1. Mind checking which pairs have a first residue in the range 1-22 that is surrounded by fewer than 16 Cβ atoms within 10 Å (Cβ to Cβ) and a second that is assigned to a loop (DSSP other than H, G, I, E, B), Cβ under 6 Å, 6 or more apart or different chains?
2. Kindly provide the set of residues from the range 401-441 that are modelled with pLDDT under 95, open to solvent by 40 Å² or more (accessible area, probe 1.4 Å) and touching a Phe, Trp or Tyr at 6+ places or on another chain (Cβ under 7 Å), ordered by number.
3. Here are some conditions: (1) in a loop (DSSP other than H, G, I, E, B); (2) free of Cβ contacts under 8 Å to residues at least 60 places away in the same chain; (3) under 30 Å from the mean Cα position of the chain (by Cα). LYS440 meets all but one. Which one does it not meet?
4. Name the residue that is farthest from LEU494 (Cα to Cα), counting only residues in the range 505-525 that are open to solvent by less than 30 Å² (accessible area, probe 1.4 Å) and part of a helix (DSSP H, G or I).
5. Checking SER294 against (1) among the hydroxyl-bearing types (Ser, Thr, Tyr); (2) open to solvent by 10 Å² or more (accessible area, probe 1.4 Å); (3) under 24 Å from MET605 (Cα atoms), which single condition isn't satisfied?
6. Can you work out which of the residues in the range 482-501 that are under 18 Å from ALA359 (Cβ atoms) and out of contact with any helix residue (DSSP H, G or I) (no Cβ under 9 Å at 6 or more places or on another chain) is most open to solvent (accessible area, probe 1.4 Å)?
7. Hand me the list of strands (runs of 3 or more DSSP E) wholly inside the range 1-72 holding 3 or more residues that are modelled with pLDDT under 95 and under 24 Å from GLN635 (Cα atoms).
8. Which ones in the range 226-260 are in contact with a Leu (Cβ under 6 Å, 6 or more places away or on another chain) and of a type in the set (D, E, K, R)?
Amino acid sequence: MPASFQNSLLYRFDKAVDYEWMEANGLGGYASSTVIGTNTRKYHGLLVTAQQPPVGRHVMLSKLDETLWINGKSYELGANKYQGSIYPEGYIFQQKFERDLFPVFEYRVNQVSLRKTIAALNGENTTLVMYEVLEAEEPCWLELLPLVAGRDFHSVKRANGDFQTDVSLEDQVLHMKPYADSPDLYVNIGRASFKAEPNWYYNFEYLAEMKRRLDAHEDLFTPGKIGLEIKKGDRFGFIVSSSPQAGRDAWSLFEKETLRRKKLVKHLPEKREPARRLALAVDQFLVQQSSGRSTLVAGYPWFADWGRDTFIALPGVAMGTGRPELAPHILRSYAEFLKDGLIPNNFSDYESGIDYQSADASLWFVMAGFKYVQATEDYSFALNELLPWVREIVTRHQQSTHFQIFVDKDYLLNAGGPGLQLTWMDARVGDWLFTPRAGKAVEINALWYNVLEIYQLLQRMAGEGVKAEETGRLIAKTRKSFLATFWSEELGYLYDFVRGEYHDDAIRPNQLFAVSLPFSPLSSAQANKVLQVITKHLYTPFGLRTLSPLHHNYRGKYTGNAFERDQAYHHGTAWAWLMGPYIDALIRVNGELGRNHARTLVEAMQPHLDMAGFGTVSEIFDGDAPYEPRGCTAQAWSAAEWLRVIVEYKLLEKPAELLEAEAKSRKKIRITT
């Protein structure tokens, strides 16, 4: 059943604008706004294109506002925030917003009921806007106002002389090119008419950007108005795209996209809620580039593809949706860029440059490959592809690669130095590093230990007995050194990082990976102590805090300007993706009791799917109650990790004791009868 908002919430503008929706197109482009259609971000738009998938994004068509003309009287259905005012206030006519396969809006004005559905077409920079007239006593007129931005999605613009206001209409397709260096904009208006009325609308105010203390005001251009007569039973659609759309039928395209999504849902390994909603959410992060390379967008609306994020998210995206074949495609796409034992950290938004500054992207790459082999028993892939990649990664790390990443004489992995942020806690402003962790970081070495274990398994599979024994001796030495370096018997947990004689004892979630990853260097008693400390200091219903509230650097609210937000980013802010390894650890340490506990955690997490980015999972949350969602409204590793643990541990199935109790209850009823 689709999740929905009724008009009691939609009538409250100040509340409704906090709920957003996202429709991604499989290229890195998207359509997005709030549940009442008020754009609150510079990133919102009805058509946001990705010209060099998944980057090169432009907000082309910002909005398409509707006005109903009934018996000569106009009723505006749009809702915009301007400086000092809200106009129009069309949300008062909105009866419902719901999200299942697509975002759907329903409006009622007098006896006219209108449904609007928005769909981003997979594989092209195209958005469909579909309408159905559910009720109408007599024919009326629908007028649409296109509001064009035509600019890079990180910026905002004011009315200016460089904007090209020319518009053409040929074969029922409107065509504009807002700027000389912008994509083209095409709108197939179907049977509607177009009346040229070029004009600027001034001072749109983006509330979310104001909260982030960024540029928040913009002017938008309209070339004119689109209109058509409508009556009960009518259905019609508009195609908005960066490519020519003459002769295409909106409803045929919509039906094709509907079938694609229904096929995805049909083959899910877990179809119950919330797994179904999470599967639809993670599907939006998949991107196919023109070169054929597959990747994952780290988060919408502003992230591109990041190596670390991709490989943490990949098991949930692939195996969690019943499509394990996605994994080797994405692994191969990144392996093309494997350089000196390093997998790319991220790709530039604007240039062809590749950033390799990450100590863990290569290690997570190995973990994702191992997860795929575990799930599929694809031994051909394991021996012919994964083993050579792992061999190169291990060898180059042992020899020393870039960014001061090398295996030290104590067999542990050292990474980074002055000015380098190589772990996932990488927030910085200019040269200021908020969480400097150069040296030997606990999660990097937990990952390194696991990579060695995986390497040995692959060597054994390949019949490399002598080499496997050699790797086994290295594993034993690494484990011994890991415990000697990171474990504090006095504190009862692991140091976060070690640099020379300095041992950082801040309670952070990074030590969790020594428990949650497939191969743990800890004893069961040590693992239990780590889990207890993390639960006591870092657990929230939606993720784990990045720092204990008892620490003097703790920041419980992710608010303020960019510097203030980055200061909190890894100093208390809770991250949703960490719930995945937390549940791994719960079940590893506590077995079936941990699994039952995890089921209650999943129930506690579910309300977030009806918040923020409706139907998906946010990047981060405040560390302090009420744990407000922050950052990206749709984050790949957040949704994917939640989905992964739900599917992997069958957390939506009832515990055995409940099933047994139900069986006994049914038996008693039969006896009584």
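The values are calculated or read from the model by the stated rules, or taken from the named source; none is laboratory data. All of these numbers come straight from a predicted model, not from anything done at the bench. Because the Cβ atoms are built from the backbone with ideal geometry, glycine has one as well, and the counts that use them run over all protein chains shown. Keep in mind that these areas ignore ligands, DNA and RNA; they rest on the heavy atoms of the full protein, side chains included. Shrake-Rupley method; radii C 1.70, N 1.55, O 1.52, S 1.80 Å.
1. Short answer, once both residue conditions are applied: PRO2/ASP100.
2. Within the range 401-441, ARG428, VAL429 meet the criteria.
3. Exception for LYS440: condition (1).
4. Ranking the candidates gives SER516 first.
5. Failed condition: (3).
6. Filtering first and then ranking leaves ARG499.
7. 3-6
8. GLU257, the sole residue that qualifies.
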